[in-house]
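The values are calculated or read from the model by the stated rules, or taken from the named source; none is laboratory data. This is a predicted model, so every value here is computed, not measured. All Cβ positions, glycine included, derive from the backbone under ideal geometry; neighbour counts span all protein chains shown. Remember, those area values only see protein heavy atoms, side chains included, never the ligands or the DNA or RNA. Shrake-Rupley method; radii C 1.70, N 1.55, O 1.52, S 1.80 Å.
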Amino acid sequence: MSIVLVWAQDRVGAIGRAGTIPWSVPEDMARFKELTGTGAVIMGRKTWESLPARFRPLPQRRNIVLTRAAGYWAEGAEVAAGLEAALELTGRVAAVIGGSEIYTAALEHADELRVTEIDVLVDAADAFAPPIDLDRWEAHQVGQWQYSRTGTLYRFVDYRRIDYRNR
Ligand code: VY7
């Protein structure tokens with residue numbers, strides 16, 4: 001297995017506004033649930049706190065929360081002081097589920113990016129996905145644009161790290 005970053009973004013990479021996900025695409029939540037399965041999920045403290053209490057911890061998954069705050073307690077989750085410590089707990093088998101700060105830190109460790117593109121432009125977004133360097137990442141699976149039952153267009157794009165060893 002490997003380290004997979006899972007996010008949903010708007011047309012310019014926005015993932016959040018004021019601690020929430022500023023669109024409604026239930027098909028993406030289903031995808032998120034499917035991708036994270038029963039494995040370990042690593043998230044930042046703000047993302048943890050953004051989850052509705054009834055979905056905290058995310059059920060059937062090992063929840064790991066990153067914070068620099070000593071003594072932070074997350075009921076039903078494990079707390080790690082940083083990404084390296086979290087990856088020590090999971091042994092390179094984990095889904096990183098946000099947010100911005102954590103994606104940016106985890107990108108260099110990641111093997112795969114599983115991105116949902118949402119065809120909206122979020123006004124006043126305050127959280128963004130890291131830019132994907134296409135010299136380093138190959139979009140090996142680009143899904144068709146589909147209509148959500150909420151009317152919003154979305155598609156799934158999967159990236160894998162380009163292996164330069166064979167060049
Ligand atoms: C985070 C929720 C947020 C608000 C309400 C319910 C992609 C997504 C995320 C994170 C979408 C969320 C939820 C949905 C998942 C349910 C539990 C309830 C589950 C991400 N592509 N999409 N996200 N939950 N990192 N990447 O919706 O969760 O999985 O059991």
Q: Set the Förster distance to 22 Å, then compute FRET efficiency between H109 and D133 from the Cβ-Cβ distance, nearest 0.05.
A: 0.90
(Q) Give me the one-decimal nm value for the distance between modelled label points at Q60 and Y147, 7 Å along each residue's Cα-to-Cβ direction. (A) 3.1 nm
Q. Can you pull the percent of region 2-166's accessible area that's carbon plus sulfur, 1.4 Å probe, other chains left in place?
A. 51 percent
Q) Which sequence of R165, R136 reflects their accessible areas, 1.4 Å probe, from the largest down? A) R165, R136
Q. GNM on the chain, C-alpha springs below 10 Å: top fluctuator among I118, I21, I97?
A. I21
Q) Between the DSSP loop rule and a limit of at most 14 other Cβ atoms within 10 Å, which trypsin sites (Lys or Arg not before Pro) in region 1-81 are left? A) R11, R68
Q: State the Kirkwood hydrodynamic radius of the chain in Å, one decimal place, computed from all pairs of distinct Cα atoms.
A: 16.3 Å
Q.
Which chymotrypsin sites (Phe, Trp or Tyr not before Pro) in region 1-102 sit in a loop by DSSP (not H, G, I, E or B) and have at most 16 other Cβ atoms within 10 Å of their own Cβ?
A. Y72, W73
Q: Provide the per residue accessible area, probe 1.4 Å, for the chain, rounded to a whole number of square angstrom.
A: 57 Å²
**Q.** Share antiparallel - DSSP beta bridges, the chain, percent rounded to 5
**A.** 45 percent
(Q) So, taking all protein chains as they sit and a 1.4 Å probe, how much accessible area belongs to L153, in Å² rounded to tens? (A) 40 Å²
